[in-house]
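Engineer: Starting off with a structure, shown below.
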Amino acid sequence: MQTKLYGQTGFRASILGFGAMRLPGDDGKTDPERSAPLVRRGLDLGINYIDTAHGYGKGNNEVAVGYAIQGYDRSKLFLVTKIPVGSEEDAQGSTWRRKLDLSLERLGTTIDMILFHGLRWNVYETLLTRPNMALEAARKAQAEGLVRYVGFSSHDSAENITKLVETGEFAGMLVQYNYLDRHTEPAIARAAARGMGVSIMGPVAGGRLALPQGTLVDTEGALEVKTPEVALRFVWNNPAVTVACSGMNTMEQVEENAAAASRLDSLDDQERAAVHALMEKNQKLADLYCTGCEYCMPCPNNVNIAENFRYMNWFRVWGMEDQAREAYARLGKDGNWVPWVGGGIIHGLKADACTECGECLSKCPQDIPIPDQLKDVADTLGQPV
Ligand code: SF4
Ligand code: SF4
């Protein structure tokens, strides 16, 4: 297992983190007995960074993680959990501290890094930094030895994540980054440059990214890699990334991801170049269709043209058929949130709201026949998953 120094903590973290969110359970409640063998196998294979959250698994995810690590040398693990601060009530120091005490009880141990869960810049600016709010409470918990470091997770824009980085308040962060969604790249680079640890969520785009045949083969047939491995390798190849947290829920995933994280250095330059070439080829195919520039928007009928085409690219180029249909089904619903892309809520309507008025046509530098293509999107992605 490859390891990397996590920011300035002095801890050498495994480059593969165990994302606990998807651990097995019933009715959304994580089951410690079924989860423990997966986590323990990961630890036995060299994973030493575990990511959970106060709210995961109906509160039982932390219990499952605490149970799984019993008997392991605690000093060799880096345990991360998250507490939300999104509302005025959640951001109160007293509320946050109550939740922290509960997390500590569930985990049965101290916390290496506590993250403000889903932190947005405006929450930091207007709530968190006031007296008696969560940031102050987190510093107090640090002084008491209950948590070692304070960080954040965020789905905010790259610009706002960079602002959070520049405050200098945080030891580490957890943000979205994968080869379908690179919008956080500048923030990641800045965080690393400032000495923060950088953890990545969604490195394999929802954990299910797979091309139809399940493997990528280069033109000479010299390289054959499983697509989740390519996705992880893409993330690890960014030198600013410390840990890629993969949400694993089968023994096979744990074994395969751990093997990929151990093999990383054995890829020679030629193989590395081939993996990049394959991904670039796919990206070019995707860009031929639509680059996502959004020059065609806004549409008078509020169709989110670029987002519809993005899902069509997932379907056609990346082979993510289920994800594309699922994301399409969510478009236009209140509070729509697509887990494989950053930036949180996505606005605008599905392709089927296009009235073929033609207003967007002259604005597209790719000369895409937008209304015709939207019809195709509606027909293809409008099928049930
Ligand atoms: S043709 Fe369709 S997508 Fe384009 S502006 Fe008109 S309604 Fe919107
Ligand atoms: S202008 Fe053309 S390329 Fe740009 S987002 Fe719209 S359809 Fe895609």
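Every read-out reported here was derived from the displayed coordinates using simple, explicitly stated rules and does not represent laboratory data. Predicted, not measured: the structure shown is a model, and the values here were computed from it. Positions of Cβ are backbone-derived with ideal geometry, glycine not excepted, and every protein chain shown enters the neighbour counts.
Engineer: Taking amide H atoms as placed 1.01 Å from N in the peptide plane, list the residues 5 or more away in sequence, or in a different chain, whose amide H sits under 5 Å from that of VAL303.
Structural biologist: LEU349
Engineer: Now for a separate question. Could you sort 13-20, 186-193, 249-256 so that the peptide with the highest average Cβ count within 10 Å comes first and the rest follow in order? Numbers along the way, then the final one.
Structural biologist: Details: 13-20: 27.2, 186-193: 19.8, 249-256: 15.5.
Result, highest mean first: 13-20, 186-193, 249-256.
Engineer: Greater than 20 Å separation of Cα atoms is the criterion. Which listed pairs, LYS4/LYS163; LYS58/LYS82; LYS4/LYS76; LYS29/LYS99, meet it?
Structural biologist: Working: LYS4/LYS163 25 Å; LYS58/LYS82 14 Å; LYS4/LYS76 14 Å; LYS29/LYS99 18 Å.
Where the Cα-Cα span goes over 20 Å, the pairs concerned are LYS4/LYS163.
Engineer: Starting from the amide H of ASP31, placed 1.01 Å from N in the peptide plane, find each other amide H under 5 Å away whose residue is 5 or more places distant or on another chain.
Structural biologist: When sequence neighbours closer than 5 places are left aside, the close amide H contacts are GLY25, ASP26.
Engineer: Out of the DSSP beta bridges found with both residues in the stretch 1-95, what percent are antiparallel (nearest 5)?
Structural biologist: Numbers: 5 of 10 bridges.
Counting only bridges with both partners in the stretch 1-95, antiparallel ones make up about 50 percent.
Engineer: If we sort 128-140, 356-368, 164-176 on the protection proxy, mean other Cβ atoms within 10 Å, highest first, what's the order? Intermediate values should be presented prior to the final figure.
Structural biologist: Working: 128-140: 18.5, 356-368: 13.4, 164-176: 21.2.
My ranking of the peptides, most packed first, is 164-176, 128-140, 356-368.
Engineer: What is the gain in length, in nm to one decimal, between ARG263 and ASP372 on full extension, counting 0.36 nm per residue of separation less the C-alpha to C-alpha distance? Could the numbers behind the result be given before it?
Structural biologist: Values: separation 109, 0.36 × 109 = 39.24 nm, distance 4.57 nm.
That works out to 34.7 nm of additional length.
Engineer: Where the centre of each part is set by its Cα atoms, how far does the stretch 163-200 sit from the stretch 39-59, in angstrom?
Structural biologist: Taking the Cα centre of the stretch 39-59 as reference, the centre of the stretch 163-200 is 21 Å away.
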